[in-house]
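Derivation of every value follows stated rules applied to the coordinates shown; laboratory data play no part. Source: prediction; values computed, not measured. Please note: Cβ atoms are built from the backbone with ideal geometry, for glycine as well, and neighbour counts cover all protein chains shown.
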Amino acid sequence: MLNKLNLLFLCTGNSCRSQMAEGFTRAMFGEIIEAYSAGVKKSRLDPRAVAVMQEAGIDIASQFSKTPDEITDVPFDFVVTVCSHADNNCPALPGEATRLHAPFDDPPRLAEGEEDDEAALNHYRRVRDEIQEFCQTIPEKLQGSGS
């Protein structure tokens, strides 16, 4: 049996985008990829992210915000930054991880000022769907980057 690839999704606060990407990747490719997520700084898991992922049939409620310093025992094969801040501030990680950048809009920022929760959730849903589309192509993207 082949070893799983270790993949880290990195964003600013590890509250939303990277958590969604971890959830989708675990659900779709858990047999070949060990997915993790972390943030440049620690935050808290965004309840709206949990809600829209639940709508998609993925439970991320038990995931939690962390920094790469909390998962130093994992030699990552790939690091995917999901926002420009994380891409520009990616910390040194153990191993020789290949870095990929896949920027997504920040749902909490998009939802600021919305009159009701449903309007706010629509921003989360759009970004969730974009992340899902990206995650569906992860094996090809990883293979194309030298794995």
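Figures for the structure shown
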quantity: Matching option when the condition is under 11 Å from the mean Cα position of the chain (by Cα), surrounded by 16 or more Cβ atoms within 10 Å (Cβ to Cβ) and over 14 Å from ASP129 (Cα atoms), among SER18, SER37; calculated: SER37
quantity: Selection count, the stretch 57-85, where residues are touching a residue at least 60 places away in the same chain (Cβ under 8 Å), surrounded by 13 or more Cβ atoms within 10 Å (Cβ to Cβ) and assigned to a loop (DSSP other than H, G, I, E, B); calculated: 5
quantity: Which numbered condition LYS141 fails, given (1) assigned to a loop (DSSP other than H, G, I, E, B); (2) in contact (Cβ under 8 Å) with a residue 40 or more places away in the chain; (3) among the charged types (D, E, K, R); calculated: (1)
quantity: Tally of residues being among the basic types (Lys, Arg) and closer than 15 Å to VAL127 by Cβ across the stretch 42-71; calculated: 1
quantity: Qualifying positions in the stretch 32-56 - in a loop (DSSP other than H, G, I, E, B) and either free of Cβ contacts under 8 Å to residues at least 24 places away in the same chain or closer than 16 Å to LEU10 by Cα (or both); calculated: VAL40, LYS41, LYS42, SER43, ARG44, LEU45, ASP46
